[in-house]
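This report refers to the structure that appears directly beneath it.
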Amino acid sequence: QYRSDLSIFQERESEARGYCRRFDTLFTRAVGSELFDADGRRWIDFLAGCGSLNYGHNDADMSAALIAHIQQQGLAVGMDLHTGPKKRFLELFARHVLAPRGLNHRVMFTGPTGTNAIEAALKLARKVTGRHNVIAFTNGYHGVSMGALAATGNGYNRMGQGALLPGVTRHPFEGYFGPGVDTADMLAQLLDDPSSGIDKPAAILLEPVQGEGGLNQASRGWMQRIAQIAQRHGALLIVDEVQAGCGRTGSFFSFEPLGVVPDLIALSKSISGYGLPMALLLVRPDRDQWRPAEHNGTFRGNNHAFVTAAVAIEKYWQDDSFSQGVAQRASLVTRELQAMAAMVPGAYLKGRGLMQGLHVGSGALADRILRRAFERGLVIEAAGPEDEVIKVLTPLNISAALLAEGLSILQRAVAETLG
Ligand code: PMP
């Protein structure tokens, strides 16, 4: 029923619109790892709602559960009332996600976006420690509110804002100065030195794999040193799993293989499983020092999201088989990206799991490749300070056939752009 004319977007939608500029068509339908436009053209989806569709579009079991909930006149908005879907979600999340990983964190439902979970984490860390300084890292991305934005590295997002949340100190992420410099040791020295001018932090906030910042990864040793620094200085370790969580890097949480236990863990994007807005902050019990209704949010209880989130956990996280499938798909991505890297002078691979990418050297080159890929039927985006890393972010359950087809479209786009 939709006509494909796009003029209303140019006339009426804010200049803030972003992704749609590169993907200039009217999408009307999506299933699994495929998108369709008003004229029936098909694209393979290597963007996956920027990591909010780890289980693809319109999962049949989640759709059925949601339709049944609506037909039974279940609540839509629950705020923080006790509801059936919320109960079920908490039970399944505790049983299949927290318990097997030895985590006893409490679940705080924040407002519906990743930004909201980060904002809650910053506030709680300040409250628990009575301090206000937060250490965040170069190329980190944590959201767009004044606190989360202050912790975000990229200057483009902070343009024209002037002073944001005071007290955020940005520290170089692992590898920022190349292999010779250990930026965790540097942080330890700075915090031990009373004349460094860095106040004792309330929190250290980071993404183990930087989603928007270009797929830089924290190694196990570096991450453990950061956790030790946080502990030694009485700061909370906040891990942002908004993009890297829910299985994206192979394990449910991206921090799991790094051997640390964060005080606070932010989750959003794929936690609802279905693309419905939902965000939560996992809080180590002794850090859960909120008073009732001290930190609110009307939309912190979307029952439609709880219904689909519960199905996602039951369907995918009861055992290791889903993670194993992700690992298999990830190794195909590695292999194919390596072949592409050989075609682009100076290109190299970044990231892990189904959060890998190809650093092609410049944002301009990445843009040409991505536009070509779109013409050939692939939706895929870039990351990094200059959008110079082509980022493969497929649904985690993409079929082998679609994954291979999407990667071959990308390879052709690389070859055609350079040829
Ligand atoms: N943290 C990370 C790591 C993210 O990737 C994002 C979104 N790209 C956010 C926080 C903010 O989430 P939202 O856009 O849902 O507010």
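The values are calculated or read from the model by the stated rules, or taken from the named source; none is laboratory data. Since the model is a prediction, treat every value here as computed from it, not as a measurement. As a convention, Cβ positions derive from the backbone with ideal geometry for all residues, glycine included, and neighbour counts pool all protein chains shown. Only protein heavy atoms, including side chains, enter the accessible area calculation; ligands, DNA and RNA are left aside. Shrake-Rupley method; radii C 1.70, N 1.55, O 1.52, S 1.80 Å.
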Residue list for the stretch 260-288, restricted to those being open to solvent by 20 Å² or more (accessible area, probe 1.4 Å) and over 25 Å from residue 333 (Cβ atoms): 261, 276, 277, 284, 285, 286, 287, 288
Complete set of residues in the stretch 299-327 that are within 16 Å of the ligand (Cβ to nearest atom), open to solvent by 30 Å² or more (accessible area, probe 1.4 Å) and of a type outside the set (Phe, Trp, Tyr): 300, 302
The lone exception for residue 117 - which of (1) over 21 Å from residue 253 (Cα atoms); (2) within 10 Å of the ligand (Cβ to nearest atom); (3) in contact with a Leu (Cβ under 6 Å, 6 or more places away or on another chain); (4) of a type in the set (A, V, I, L, M) it fails: (1)
Some residue of the stretch 173-190 being of a type in the set (Val, Ile, Thr) and within 15 Å of the ligand (Cβ to nearest atom): no
Pairs with Cβ under 7 Å, 6+ apart, first in the stretch 108-126 and touching a residue at least 60 places away in the same chain (Cβ under 8 Å) and more than 26 Å from residue 200 (Cβ to Cβ), second open to solvent by 10 Å² or more (accessible area, probe 1.4 Å) and more than 15 Å from the ligand (Cβ to nearest atom): 109/80
Any hit, the stretch 232-255, residues being open to solvent by less than 10 Å² (accessible area, probe 1.4 Å), in contact (Cβ under 8 Å) with a residue 40 or more places away in the chain, of a type in the set (Lys, Arg) and within 12 Å of the ligand (Cβ to nearest atom): yes
The stretch 275-299, residues that are under 19 Å from the mean Cα position of the chain (by Cα) and either farther than 26 Å from residue 231 by Cβ or small (Gly, Ala, Ser) (or both): 275, 276, 277, 278, 279
Exclusive hit being touching a Ser or Thr at 6+ places or on another chain (Cβ under 7 Å), modelled with pLDDT of 95 or more and of a type in the set (Val, Ile, Thr), set 118, 135: 135
Selection count where residues are among the β-branched types (Val, Ile, Thr) and more than 15 Å from the ligand (Cβ to nearest atom), scope the stretch 256-294: 3
Qualifying strands (runs of 3 or more DSSP E) (wholly inside the stretch 1-79; at least 2 residues being open to solvent by less than 50 Å² (accessible area, probe 1.4 Å)): 34-37, 42-45
Any chance residue 103 is farther than 22 Å from residue 294 by Cβ, at pLDDT 95 or above and assigned to a helix (DSSP H, G or I): no
Selected residue (only one of 170, 95 is in contact with a strand residue (DSSP E or B) (Cβ under 9 Å, 6 or more places away or on another chain), among the basic types (Lys, Arg) and over 15 Å from residue 241 (Cα atoms)): 170
Complete set of residues in the stretch 104-147 that are open to solvent by 10 Å² or more (accessible area, probe 1.4 Å) and of a type in the set (Ser, Thr, Tyr): 113, 115, 129, 138, 141, 145
Filter result for residue 162 (over 24 Å from residue 184 (Cβ atoms), within 11 Å of the ligand (Cβ to nearest atom) and assigned to a loop (DSSP other than H, G, I, E, B)): no
